[in-house]
Amino acid sequence: MYDNPLTKRTAVTHEVKISARGVNVFYGENRAIKDVDVDIEDKTVTAFIGPSGCGKSTFLRCLNRMNDTIDICSVKGLITLDGEDIYAPSIDPVQLRAKVGMVFQKPNPFPKSIYDNVGYGPKIHGMAQSRADLDEIVERALRRAALWEEVKDRLSSPGTGLSGGQQQRLCIARAVATEPEVLLMDEPCSALDPIATAQVEELIDELREQYSVVIVTHSMQQAARVSQKTAFFHLGHLVEFGETGQIFTNPHDPRTESYITGRIG
Amino acid sequence: MTSLAFSLLFALAIAGYVWNLMAARSIRQSGARMHSLSGFHGMYSFLLAVVPVMVLILVWQVLKGPVIDRMVLGGLPPGTLDGVNAGAVQLILSEIKSLAGGRTFGTPEDWKIEAAERLVGLRQTAAYSLVGLVAVVAGGLVLFARLRVGAEFRARHRVERIVSGLMIFCASVAIFVTLGIAGSLMFETYRFFERVPLTEFLFGLNWEPQIPLREDQIAAEGAFGWIPVFLGTIVITVVALFIAIPVGLLSGIYLNEFAPRRMRAVAKPILEILAGVPTVVYGFFAILTVAPAIRSAGAALGIDIAPNTALAAGSVMGIMLIPFISSFADDALSAVPQALRDGALGLGATRAEMMTTVLFPAAIPGIVGGILLAVSRAIGETMIVVMAAGLIAKMTINPLDSVTTVTVQIVTLLIGDTSFDNPKTLAAFALGMMLFLVTLVINVFALRIVRKYREAYD
């Protein structure tokens, strides 16, 4: 993918997976997200870029209702997953989070064995009928996260003993083990070295075949490398959203241009 | 006179501080690059004078008394003390000291008056020489410190070394006090086992420590088997933990994760007040409220219940322990990183699943620590059981019966007129020793368990 010039990247349009209309997020009195409209497509990597504090992580956390866990945070507007309002009273956030997985900025494996880390989601959602089922799910998830070869001989050793890059791939394996439909990644490479970052990016590109991936990143190079769609956030506004190639080569909004050329942010 | 010595020392040390500070500043102002800040040069002088001279004064105070005593006795007219035993010598010495203090009883012999005058003189000499010594030594040290001030002198390193030495000293005070307590316990326990065989104490099933104090007194021969007493402690501890662990853990978990902010703001201080209630007040509560309630409940059910039940004392002790366990659980859960909570919730775990499968296992070491502390407190708790548990040692594990505990027995054995050479009194030390050992074993054992099964999260 690296030798595919941005301008020549063909844009294949998939169906819309998540749609947001008029989303506002408040932290107490403070309005962190202002009237955001966006459509996130299936089998596509969508990157959220923008300077620190622009609200991209906050918006990401709206998509699986992780903001519910913060007392003072309230979300207004409409967000739908497959056409269904995820903030509707009939929706159980626990069910939603099983469908919309999340990988965090800092690798956060549980203080359990590698096996139990990956098996955690399937276990709490009752996805495995037997130990053999669970073994299979764990192996498949670890393979998909490109970690199987490295850890297959020490599945019972603690997940916290792995290196930073391995821990992050373990967290990705843990997230894909619950068979989500959307994978949210909040700066997944910010705590990793360049080699581990390259591995995770390669992985993200492979995950696109099955999932809709949304990635928040500080690195514009990373957004350009892994994503097909890019959204630029600034001061809580969604300034521009479009094909990654178009955003990086021919931005319509002057603020986007200033940011990607390094003049603001 | 001693206070004069101390004032002099501090005056000299402060003067040394200022002197060195000024000297260092003037070197700095002359443009030289100093290794240490001026304040460290000052501090070096202060510490160099205070620490050794303080030790000197203390040693002097300890040695002064015996040395002066010997000089006074040595100065008595030859032959005065011939054939006088040690006790009588001490008597003569204290008579001389009374005379020196201006308290005359009867008509003392001339040589005693003479000795008293000599004692007064010696004391005065000692005081003057202490002040002189302090002035010379402290002054010398301050001068020495002043001479070392220079751009190259590493005053900061010296000060750091002296301060870390002081910290090591403070830390070792706690250790040596513990060793001292254990040592004195061991000594008295040894004296107890000289009188009562070890096997009788360890395996005896009878505890009747009443033995005749005088030859002609009519009383039973005592029996010193500690098992019934320890059994009582265990029964009460188990009852207490049965109440404290579930209530404490669940309230800790609730406060930490599920309580609304306002509820937490109210409940947490109230729990802390519970921890501050004096145990004697819990004792009142046990004997005036809980015990009668249990007794009348038993009467309503047709069970005859003793007025002093293990259940009453144990349950009140359990209430006392609730805040311990709940605040330990709360702290341990709060220490688990937010990232782990997010991770579990992000995978679609409910808050209850997150608590039981991620937070609780990660917090286990802290929680077990709290429970252990509670066990140690329960075993060592005295006031509640003195007031609400019984005095008679019985071989029973029925919580509705009256039992006694190790601490209650220690208290009763040491109350009133006691002589420290009979087994009845010494038994208290043996019991104390056992209490010490039991708590120690529990702690060591539990620490190992925690270390083995902990889920480290960093």
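Assorted remarks:
- Taking each residue of the stretch B:339-361 that is facing chain A (nearest Cβ under 7 Å) and looking for partners that are among the small types (G, A, S) and open to solvent by 10 Å² or more (accessible area, probe 1.4 Å) with beta-carbon atoms closer than 8 Å, six or more apart or interchain, yields B:L347/A:A98; B:G348/A:A98.
- All positions within the stretch A:127-137 that are at pLDDT 90 or above and within 14 Å of chain B (Cβ to nearest Cβ): A:I137
- Listed by first and then second residue, the pairs linking a residue in the stretch B:105-131 that is over 20 Å from B:L91 (Cα atoms) to a residue that is among the small types (G, A, S) and buried (at least 16 other Cβ atoms within 10 Å of the Cβ), with Cβ atoms under 7 Å apart and 6 or more places separating them unless they lie on different chains, are B:L130/B:A5; B:V131/B:A5.
- Residue ranges of helices (runs of 4 or more DSSP H) in the stretch A:126-239 with at least 1 members under 15 Å from the mean Cα position of the chain (by Cα): A:164-177, A:194-207, A:220-226
- Residue among B:I371, B:I379, B:I384, B:I364 that alone is within 12 Å of another protein chain (Cβ to nearest Cβ), under 29 Å from the mean Cα position of the chain (by Cα) and in contact (Cβ under 8 Å) with a residue 24 or more places away in the chain: B:I364
- The requirement of being farther than 30 Å from B:S419 by Cα, assigned to a helix (DSSP H, G or I) and not assigned by TED's automatic domain parsing to the domain that holds B:M22 is fulfilled somewhere in the stretch B:174-191, by at least one residue.
- In the stretch B:324-338, residue nearest to B:N256 (Cα to Cα) [restricted to those that are in contact (Cβ under 8 Å) with a residue 60 or more places away in the chain and outside any helix (DSSP H, G or I)]: B:V336
- Filter pass, A:A141 being crowded, with 16+ Cβ neighbours inside 10 Å and within 13 Å of chain B (Cβ to nearest Cβ): yes
- Which numbered condition B:E272 misses (of (1) over 20 Å from B:G248 (Cβ atoms); (2) in contact with a Ser or Thr (Cβ under 9 Å, 6 or more places away or on another chain); (3) modelled with pLDDT under 90): (1)
- In the stretch B:96-114, the residues that are of a type outside the set (A, V, I, L, M, F, W, C), surrounded by 11 or more Cβ atoms within 10 Å (Cβ to Cβ) and not in a loop (DSSP other than H, G, I, E, B): B:K97, B:S98, B:K112, B:E114
- Among the numbered conditions (1) at the interface with another protein chain (Cβ under 10 Å from one of its Cβ atoms); (2) in a loop (DSSP other than H, G, I, E, B); (3) modelled with pLDDT of 90 or more, the only one that A:D71 does not meet is (3).
- Some residue of the stretch A:106-114 being facing chain B (nearest Cβ under 9 Å), open to solvent by less than 20 Å² (accessible area, probe 1.4 Å) and not in a loop (DSSP other than H, G, I, E, B): no
- Selection from the stretch B:387-416 of residues that are within 18 Å of B:A427 (Cα to Cα), buried (at least 21 other Cβ atoms within 10 Å of the Cβ) and either of a type in the set (A, V, I, L, M, F, W, C) or not assigned by TED's automatic domain parsing to the domain that holds B:F285 (or both): B:A393, B:V406, B:V408
- Selection status of B:A293, part of a helix (DSSP H, G or I) and without any contact (Cβ under 8 Å) to a residue 12 or more places away in the chain: yes
- Contact map, the stretch A:32-48: residues that are in contact (Cβ under 8 Å) with a residue 40 or more places away in the chain and closer than 12 Å to A:R21 by Cβ paired with residues that are surrounded by 21 or more Cβ atoms within 10 Å (Cβ to Cβ) and of a type in the set (V, I, T), Cβ distance under 7 Å, separation 6+ or inter-chain. Pairs shown: A:V36/A:V23.
The values are calculated or read from the model by the stated rules, or taken from the named source; none is laboratory data. Fair warning: this is a prediction, and the values are worked out from it, not measured in the lab. Counting neighbours? That spans all protein chains shown, and the Cβs are built from the backbone with ideal geometry, glycine included. Quick note on the areas: whole protein, heavy atoms, side chains included, nothing else; ligands and nucleic acids left out. Shrake-Rupley method; radii C 1.70, N 1.55, O 1.52, S 1.80 Å.
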